[in-house]
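The values are calculated or read from the model by the stated rules, or taken from the named source; none is laboratory data. Note that the coordinates shown come from a computational prediction; the quantities given were computed from them, not determined experimentally. Please note: Cβ atoms are built from the backbone with ideal geometry, for glycine as well, and neighbour counts cover all protein chains shown. Heavy atoms of the whole protein, side chains included, go into the accessibility calculation; ligands, DNA and RNA do not. Shrake-Rupley method; radii C 1.70, N 1.55, O 1.52, S 1.80 Å.
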Amino acid sequence: MSRESRRREDETYREWKGAYKPYDILREATIALGVVLGLALVLTILFSSPDLKPSTVQTWARSDPVDFVTTATTELDGSSAIGGYGPPYNSASDGQNIWFIHLAKWFGIAHPINTAQDFVLAPLHSLTAQPALTAAVSMYEAAPANSQTAWTGAYEKALGNASANPDGSIKVKPGNYGPLPTMMNSLLTFAQSGGLDGALLTSKQFYQTDYTKPLLFMADGGVLTNRAQQQHLLGTQWGMMNETGSYPGQVWLWLYTFWYQIKPFSTSTNADILVMAVMGVLSILFVMVPFLPGVRDLPRRVPIYKRIWRDHYRTVGASGA
């Protein structure tokens, strides 16, 4: 169909020549609002999100003390995931990137995190009236880097075969761990009492709302991963579009989480920025549909609209005849 033909067709339908019927838009809007509100109320009662208890450092330290101490040891020597993450937490790496685009590096370190100081040493320094602990922390901080690495490496290896005692402490095979057993036992007791949750909060306001540090600390352990797996929220479980439990989730996010299920996205350390780039290109193509030759003419070539508005075209056809 030529451009002139399309113009003539548009002019044909520009002015309505059929019959008119009264339409009470206020009445229709009121009915529609009532129906939507009723459905929202019923669906909220039937399918609302369950009120689950939050994960805390205290519950983690009590339920899995070995995992807690193992994670704290990796935070101390900087070998944890957050310790090597890079921006916006530290400069251990360049962060996610694609080609020459290094967004994380360009934005810099917005939330500085020193895993050893923030998650282990600073909380231990806050514990007073414990001479043995104070001496152990001082011994660790004064030791050369190679001694610190030897202690943490040996302790992490021994924690692989450690077990939890009935009283909440852990049992580790004897070895040359320097001051680490004293430090980690004190940190574990502090966490199990609930004190570490408060020590990791960084907000200076009356209401504490910045839970970045406790969440990052727990993310390095297994507590959040295990809970996410139970609730089908892992990335490999299409977690982005799921809700906790068996409740309906955010189905409109299926296309975003779809890319994480296939290679190279599922195996790439830059998966987030790669998926963002793909979705950006697809979004631009969608916006450009009215300007793409061939694609913009699909409605005319596949006249489904004439089936939808058949009453209109039937009236127009009768008037034209």
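The numbered conditions (1) closer than 24 Å to Met218 by Cβ; (2) open to solvent by 60 Å² or more (accessible area, probe 1.4 Å); (3) among the hydrophobic types (A, V, I, L, M, F, W, C) are all true for Phe190 except (2).
Being open to solvent by less than 30 Å² (accessible area, probe 1.4 Å), touching a residue at least 24 places away in the same chain (Cβ under 8 Å) and over 17 Å from Val69 (Cβ atoms) is a property that does not hold for Ala136. Among the residues in the stretch 69-88, are any more than 30 Å from His125 (Cβ to Cβ), hydrophobic (A, V, I, L, M, F, W, C) and open to solvent by less than 70 Å² (accessible area, probe 1.4 Å)? Taking every residue of the stretch 69-88 in turn, none turns out to be more than 30 Å from His125 (Cβ to Cβ), hydrophobic (A, V, I, L, M, F, W, C) and open to solvent by less than 70 Å² (accessible area, probe 1.4 Å). Picking from Gly38, Gly86, Gly34, which residue would you name as being assigned to a loop (DSSP other than H, G, I, E, B) and over 30 Å from Gly194 (Cβ atoms)? One residue alone meets the criteria, Gly86.
Out of the stretch 19-40, which residues are surrounded by 10 or more Cβ atoms within 10 Å (Cβ to Cβ) and either small (Gly, Ala, Ser) or closer than 30 Å to Thr189 by Cα (or both)? If the condition is that a residue be surrounded by 10 or more Cβ atoms within 10 Å (Cβ to Cβ) and either small (Gly, Ala, Ser) or closer than 30 Å to Thr189 by Cα (or both), then Ala29, Ala32, Gly34, Gly38, Ala40 are the ones that fit. The set of residues from the stretch 146-174 being assigned to a helix (DSSP H, G or I) and touching a residue at least 40 places away in the same chain (Cβ under 8 Å) comprises Gln148, Thr149, Thr152, Gly153, Tyr155, Glu156, Leu159.
The residue that is most open to solvent (accessible area, probe 1.4 Å), counting only those in the stretch 247-265 that are over 30 Å from Leu43 (Cβ atoms) and either out of contact with any helix residue (DSSP H, G or I) (no Cβ under 8 Å at 6 or more places or on another chain) or not in a helix (DSSP H, G or I) (or both), is Lys263. For beta carbons closer than 8 Å, sequence separation of 6+ or different chains, a first residue in the stretch 281-305 that is closer than 19 Å to Ser2 by Cβ and a second that is of a type in the set (Ser, Thr, Tyr), the qualifying pairs are Pro299/Tyr305. Does Ala92 meet the test of being of a type in the set (Gly, Ala, Ser) and touching a residue at least 40 places away in the same chain (Cβ under 8 Å)? Criteria not met by Ala92.
For the stretch 197-243, filtering for residues that are open to solvent by less than 80 Å² (accessible area, probe 1.4 Å) and among the basic types (Lys, Arg) leaves 2.
Picking from Gly249, Gly235, which residue would you name as being farther than 23 Å from Thr74 by Cα, within 16 Å of the chain's Cα centre (by Cα), touching a residue at least 12 places away in the same chain (Cβ under 8 Å) and not assigned by TED's automatic domain parsing to the domain that holds His111? Selected residue: Gly235, the only one of Gly249, Gly235 that is farther than 23 Å from Thr74 by Cα, within 16 Å of the chain's Cα centre (by Cα), touching a residue at least 12 places away in the same chain (Cβ under 8 Å) and not assigned by TED's automatic domain parsing to the domain that holds His111.
Considering only the stretch 95-145, state which residues are assigned to a loop (DSSP other than H, G, I, E, B), aliphatic (A, V, I, L, M) and touching a Ser or Thr at 6+ places or on another chain (Cβ under 7 Å). Listed by number, the residues that qualify are Ile109, Leu127. Here is a check on your reading of the model: is Asn185 in a loop (DSSP other than H, G, I, E, B), among the polar types (S, T, N, Q) and modelled with pLDDT of 90 or more? So Asn185 does not fit the description; no. Against the test of being more than 30 Å from Ser169 (Cα to Cα), of a type in the set (Lys, Arg) and in contact (Cβ under 8 Å) with a residue 24 or more places away in the chain, the options Arg27, Arg6, Arg14 yield a single qualifying residue, Arg6. Is at least one residue of the stretch 246-255 at pLDDT 90 or above and in contact with an Asp or Glu (Cβ under 9 Å, 6 or more places away or on another chain)? Within the stretch 246-255, none of the residues are at pLDDT 90 or above and in contact with an Asp or Glu (Cβ under 9 Å, 6 or more places away or on another chain).
One residue stands out in the stretch 105-123 among those that are without any contact (Cβ under 8 Å) to a residue 24 or more places away in the chain and surrounded by 14 or more Cβ atoms within 10 Å (Cβ to Cβ): the one that is nearest to Thr182 (Cα to Cα), namely Ile109. Among what's in the stretch 41-58 and is part of a helix (DSSP H, G or I) and open to solvent by 70 Å² or more (accessible area, probe 1.4 Å), pick the residue that is nearest to Glu156 (Cα to Cα). Within the stretch 41-58, the match that is nearest to Glu156 (Cα to Cα) is Phe47.
When we screen Trp254, Trp238 for residues that are of a type in the set (Phe, Trp, Tyr) and in contact with a Ser or Thr (Cβ under 6 Å, 6 or more places away or on another chain), the only hit is Trp238.
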